Amino acid sequence: MIKLERMSLFLVELPLVSPFVTSFGEERTKQALLVSLTADGIMGWGECVAGSGPWYSPETVETARYVISEHIRPLLASHKTLEHPSDLPRLLSVIRGHPMAKAAVEAALWDIFARAQKKPLYQVLGGTKEEVPAGVSVGIQPDIPTLLSTVEHFLAEGYQRIKLKIKPGWDLEPVRAVREKFPDILLSVDANAAYKSADWETLRELDRLNLLMLEQPLGFDDLLEHARLGQMLSTPICLDESIDSAHRAWEALELSACRIINVKQGRVGGVTETLKIHELAMAKRIPLWCGGMLETGVGRALNVHLATLPGFTLPNDISATKRYFREDIADPPFELHNGFIPVPKRPGLGVEINWDRLLRSCTWSRTWKL
Ligand code: OSB
Ligand code: MG
């Protein structure tokens with residue numbers, strides 16, 4: 001039984017070590033909304049993965065702040081106790097959509113739940129790994145020489161898979177150049193929905209470059225065109241943006257819209273929903289991997305725990321903390337060991353908030369009694 005006492009929200013802004021450029025825009029700072037819940041004297045943390053604008057998904061930091069403050073908080077306050085973190089989705093089901101806002105609150109409950117049992121979260125979830133394979137997502141670069149040296153640098157650090165962000169005008173040439181210089185590496189590309197089905201000539205050329213997967217080439221909410229494209233390519237299509245719930249994952253697999261799923265717990269509405277997708281993917285033998293949203297240590301820790309599940313069989317977009325931040329708001333930072341990120345062994349998420357840094361990077365916060 002979890003007896004909720006308090007909830008706080010913190011809006012933080014952290015500078016990125018270098019700008020991150022994708023087909024939908026450039027980010028120089030990371031804005032994150034953090035949720036803390038207190039229950040039975042234990043504080044748990046969740047990070048909302050919504051971005052500062054509606055470029056990747058319809059949700060933003062501001063929509064999440066509104067939905068959590070004005071809609072989720074009153075439901076928690078009128079309910080006060082939960083048997084288990086996986087009971088939260090039912091309580092919140094009166095709110096349509098807003099998976100990222102819901103997931104941030106659920107994450108804090110899982111942290112409390114595992115801390116109360118004095119177990120690391122991955123053990124509570126049924127994870128089976130002590131370390132998870134790290135891949136890295138490489139943003140769109142100013143030119144090809146810069147791209148090649150960036151890739152070389154990440155390979156030297158030990159990353160097991162390189163993912164290149166692509167968009168029309170930054171696709172065949174840079175991807176070919178990387179493939180020529182590094183013929184044997186695990187290489188994938190992510191378009192963040194930048195192509196139309198009419199661009200299939202370009203996608204067919206990419207298909208010849210021995211890529212591990214082609215991530216979300218078409219519309220952010222599309223399934224059917226991805227299914228049609230998949231029939232024409234030998235490279236597996238991986239869906240990211242299109243999968244915003246376990247039900248949607250089921251639809252995608254029924255339609256053969258993808259052969260791989262990038263799981264982001266926030267995008268699909270939380271850990272409980274992730275576990276449902278995991279069960280489905282295991283039954284259908286669909287490989288999963290954990291995507292990333294430039295999370296701070298709080299969200300990064302949750303990703304590491306989830307990636308220990310047996311169905312997560314491909315290298316993840318979980319990189320070392322220093323790939324994005326000089327200073328994080330949680331300790332200790334995540335580091336790479338021979339291409340793997342060790343799983344935290346302390347209770348719950350296994351990271352501790354650095355209050356000094358949290359408060360220094362905080363632009364807004366509020367606390368409520370529940
Ligand atoms: O599409 O996977 C994506 C970052 C922000 C929004 C969307 C995506 C990404 C990444 C970075 O690719 C993954 C990471 O290292 O956190
Ligand atoms: Mg993606």
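The values are calculated or read from the model by the stated rules, or taken from the named source; none is laboratory data. Predicted model only: the values in this text are computed from it and were never measured. We place every Cβ from the backbone using ideal geometry, glycine too, and count neighbours over all the protein chains shown. Accessible surface areas use protein heavy atoms only, side chains included; no ligands, DNA or RNA. Shrake-Rupley method; radii C 1.70, N 1.55, O 1.52, S 1.80 Å.
Apart from one condition, residue 98 fits all of (1) free of Cβ contacts under 8 Å to residues at least 40 places away in the same chain; (2) within 30 Å of residue 214 (Cα to Cα); (3) out of contact with any His (no Cβ under 9 Å at 6 or more places or on another chain); the exception is (3). Identification of helices (runs of 4 or more DSSP H) wholly contained in the stretch 245-328 with 3 or more residues that are open to solvent by 10 Å² or more (accessible area, probe 1.4 Å) yields 246-254, 271-284.
Just one residue in the set 285, 267, 323, 259 is basic (Lys, Arg), farther than 21 Å from residue 130 by Cβ and touching a Ser or Thr at 6+ places or on another chain (Cβ under 8 Å); that residue is 267. Taken as a whole, the structure places residue 36 among residues that are open to solvent by less than 10 Å² (accessible area, probe 1.4 Å) and away from ligand 2 (no atom under 16 Å from the Cβ).
Within the stretch 197-226, residues that are in the same structural domain as residue 314 (by TED's automatic domain parsing) and away from ligand 2 (no atom under 14 Å from the Cβ) sit with their Cβ atoms under 7 Å from residues that are open to solvent by less than 30 Å² (accessible area, probe 1.4 Å) and aromatic (Phe, Trp, Tyr), at 6+ positions apart or across chains, in these pairs: 203/195. Of the residues 140, 144, the single one that is closer than 21 Å to residue 21 by Cβ and touching a residue at least 60 places away in the same chain (Cβ under 8 Å) is 140. Only one of the listed residues (312, 325, 334) is in the same structural domain as residue 266 (by TED's automatic domain parsing) and within 16 Å of ligand 2 (Cβ to nearest atom). That residue is 312. When we screen 76, 88, 147 for residues that are crowded, with 19+ Cβ neighbours inside 10 Å, part of a helix (DSSP H, G or I), in the same structural domain as residue 324 (by TED's automatic domain parsing) and modelled with pLDDT of 95 or more, the only hit is 147. Residues that are away from ligand 2 (no atom under 16 Å from the Cβ) and touching a Gly at 6+ places or on another chain (Cβ under 6 Å) were ranked within the stretch 260-300; the one that is nearest to residue 64 (Cα to Cα) is 278. Residue 206 passes every criterion in (1) closer than 19 Å to residue 145 by Cα; (2) buried (at least 16 other Cβ atoms within 10 Å of the Cβ); (3) away from ligand 1 (no atom under 16 Å from the Cβ) apart from (1).
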